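Data first, discussion second: the structure below is written as structure tokens.
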Amino acid sequence: MKRSTSLVGLLAWSVGGAAVGLAAGLHVPVSELKELRRALVAKLTAAIAHVERPVASASMIDEVRRPCPSLDHDPIIVALCRTDAQLDAVLEAGATEVELDWMELVGLGRAVERARRRGVRVGVATMRVQKPGEECIDQHLAKLAPDHVLVRSWGSLAAFARLAAPPVLHGDFSLNVTNSVTAAWVLAHGLATLTAAHDLDREQLFALLARAPRGRIAVTIHHHVPTFHTEHCVYAHLLSTGRDYKTCGRPCEQHQVALRDRVGLVHPVVVDVGCRNTVFNAQAQSAASLVPELLSHGVRRFRVELVRESAEEAARVFTAYTQLAAGQLAPRDVVRRAAVHEQFGVTRGTMRTLTVLR
């Protein structure tokens, strides 16, 4: 049995070979083989734990936190679009770079070409969760030859980083990086930038920025927080008698579903290319008040995520944040413009001080 180590540093074992010497007519039940495997792995793991290792002179944290070059360029607002109407709206509003998160791959390919014809840099988003056998989706995204990929899972990071000529890779919040040590490790594995995790409040975010390479942390400054991600398809359950994407009739392509909670808030449910559902918070979250300070801390990449905004709403939100980053609009005016179409208002969400760092 030989040892192997995965991308995330977890210890794994694989069988290099096995020899069985049994007399004719005898067999070993599968249950016994499983018990043998468990016992063997337990003994090997225990043996490794007692092996003496030389201690490096540098601390482990300093060893992991490899030097990463800084990035400095003009601030950019990147709109993440989910519909053709949103994409056309932000293109007309003057976007120079967009990210596309489409429900189906054929439409995604058309959207990539349409944006490319406008001379805009185009990025595509991977799925948030990648299961064994779904590598073909990343392969399809790579064939679209995007300018960059918004990486949402560790499996996708490994897949795109292995390509002979990988596109620019930007890590999304779902990698759940909340500290500078992890940020340095991930950036050293092929990411150009990394989006700060949504778990961070204001003080924690600025603590991360203080230790991370300047310009390498991106921040989502307007979005509906994804509160729940599930493999259970609400569309198929409510609007179909089918059991999977082959038999459900794809009701998600004709209908929109939302969940109303006990206080009357309506939370959109959006399907991804893997037929998984994400429930988004009814209230939009804005970090507009932090943008001037984020700029002073070296943040240059800001994302505005659209969910079900119309073309007019998408253009209004994108333009407001673009003017904010350029110093042409005050944060309070940005929030006022964005709140015009938000039925349930705009909140600061986690972008307020919840913890005090000492």
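Can you pull out every residue in the range 155-186 that is over 22 Å from L100 (Cβ atoms) and open to solvent by less than 10 Å² (accessible area, probe 1.4 Å)? Correct list: V177, A183, A184, V186. V304 meets the conditions (1) in contact with a His (Cβ under 7 Å, 6 or more places away or on another chain); (2) open to solvent by 70 Å² or more (accessible area, probe 1.4 Å); (3) within 22 Å of V98 (Cα to Cα) in every case but one. The failed one is (2).
Listed by position, the strands (runs of 3 or more DSSP E) inside the range 263-333 whose residues that are of a type in the set (D, E, K, R) number at least 2 are 301-305.
Counting only helices (runs of 4 or more DSSP H) that sit wholly inside the range 102-166, those with at least 2 residues that are acidic (D, E) and out of contact with any strand residue (DSSP E or B) (no Cβ under 6 Å at 6 or more places or on another chain) are 135-143.
Residues being of a type outside the set (S, T, Y), within 17 Å of the chain's Cα centre (by Cα), open to solvent by less than 40 Å² (accessible area, probe 1.4 Å) and more than 20 Å from N281 (Cβ to Cβ): count how many of those fall in the range 187-217. Here the count works out to 6.
The set of residues from the range 150-196 being farther than 17 Å from G215 by Cβ and of a type in the set (V, I, T) comprises V151, T178, V181, T182. Of all the residues in the range 40-99, those that are open to solvent by 60 Å² or more (accessible area, probe 1.4 Å), modelled with pLDDT under 65 and not in a loop (DSSP other than H, G, I, E, B) number 4. Residues being small (G, A, S) and in contact (Cβ under 8 Å) with a residue 40 or more places away in the chain are represented in the range 214-237 by at least one member. Scanning the range 279-301 for residues that are open to solvent by less than 10 Å² (accessible area, probe 1.4 Å) and either touching a strand residue (DSSP E or B) at 6+ places or on another chain (Cβ under 6 Å) or of a type outside the set (G, A, S) (or both) returns F280, A282, A284, S286, A287, L290, V291, L294, V299. Filtered by the rule that a residue be more than 23 Å from the chain's Cα centre (by Cα) and on the phi > 0 side of the Ramachandran plot, the range 236-289 gives G249, R250, G264.
Every condition in (1) of a type in the set (A, V, I, L, M); (2) closer than 18 Å to A338 by Cα; (3) buried (at least 21 other Cβ atoms within 10 Å of the Cβ) holds for A236 except the one numbered (2).
The values are calculated or read from the model by the stated rules, or taken from the named source; none is laboratory data. Predicted model only: the values in this text are computed from it and were never measured. Note that each Cβ is placed from the backbone with ideal geometry, even for glycine, and that neighbours are counted across all protein chains shown. For the accessible areas, the whole protein counts, side chains as well, though only heavy atoms, and no ligand, DNA or RNA atoms are used. Shrake-Rupley method; radii C 1.70, N 1.55, O 1.52, S 1.80 Å.
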